[in-house]
Amino acid sequence: MASVITSKQAPAIASTAGTQQRAGFAYTAEMALIVSVLLAACGHLLIKNGLNGVALPAHAALVMKLQAYFLAPKVVAGLAIYGMGTMLWIVAVSKRDISYLYPFTSLNYVVITVGGMCLFGEPVSAGRWAGIVVVMLGVGMMHISTGGKKS
């Protein structure tokens, strides 16, 4: 038998311009977006770390490599974290225009580049940093030019 939830039992929900309130906590599309970007970047870095720990012979078949990769605990954890980021991305896109939100995903370039340097000792050229700065300036200009209201 299905039960009916009355308005007194349901958590208070108010929605205005991309902000929702549940049980005293306000969250916005922008908050969901920022956490989504961070989780995606952390997931990618953890996947890379897990892949670095997989030892396979150079001549291993593709199926054998994929099996080893997907059984590596850090790869699985990285995929799970990335998945959580995707769930928050869905929340953000449900509240704002995708054309407003999507450029912000380029923040991953910065987080992953810094993570690659710090965690894996990857070299980053001045040209790559210049490119990242240009992309970030473009994101800033887009943010200033629009409010990203949900149509």
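Laid out as a table, the results:
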quantity: Test: residue in segment 117-130 that is closer than 20 Å to Ala41 by Cβ, out of contact with any Gly (no Cβ under 8 Å at 6 or more places or on another chain), without any contact (Cβ under 8 Å) to a residue 60 or more places away in the chain and crowded, with 16+ Cβ neighbours inside 10 Å; calculated: no
quantity: Matching option when the condition is at pLDDT below 95, among the aliphatic types (A, V, I, L, M) and buried (at least 16 other Cβ atoms within 10 Å of the Cβ), among Val133, Val111; calculated: Val111
quantity: Hits in segment 51-90 - residues which are surrounded by fewer than 17 Cβ atoms within 10 Å (Cβ to Cβ) and under 15 Å from Leu38 (Cβ atoms); calculated: Ala80, Gly83, Met84, Thr86, Met87
quantity: Some residue of segment 128-139 being outside any helix (DSSP H, G or I) and farther than 21 Å from Leu33 by Cβ; calculated: no
quantity: Test: residue in segment 7-26 that is at pLDDT below 95, closer than 27 Å to Val114 by Cβ and not β-branched (Val, Ile, Thr); calculated: no
quantity: Among (1) assigned to a loop (DSSP other than H, G, I, E, B); (2) in contact (Cβ under 8 Å) with a residue 24 or more places away in the chain - the single one Leu101 does not satisfy; calculated: (1)
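Rundown of residues vs (1) touching a strand residue (DSSP E or B) at 6+ places or on another chain (Cβ under 6 Å); (2) closer than 23 Å to Asn108 by Cα; (3) modelled with pLDDT of 95 or more; (4) among the aromatic types (Phe, Trp, Tyr), yes/no style:
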| residue | (1), (2), (3), (4) |
| --- | --- |
| Pro57 | no, no, no, no |
| Ala60 | no, no, no, no |
| Val63 | no, no, no, no |
| Leu66 | no, no, no, no |
| Lys74 | no, yes, yes, no |
| Ala80 | no, yes, yes, no |
| Thr86 | no, yes, yes, no |
| Val91 | no, yes, no, no |
| Ser94 | no, yes, no, no |
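The values are calculated or read from the model by the stated rules, or taken from the named source; none is laboratory data. Remember, it's a predicted structure, so these values are computed and weren't measured experimentally. We place every Cβ from the backbone using ideal geometry, glycine too, and count neighbours over all the protein chains shown.
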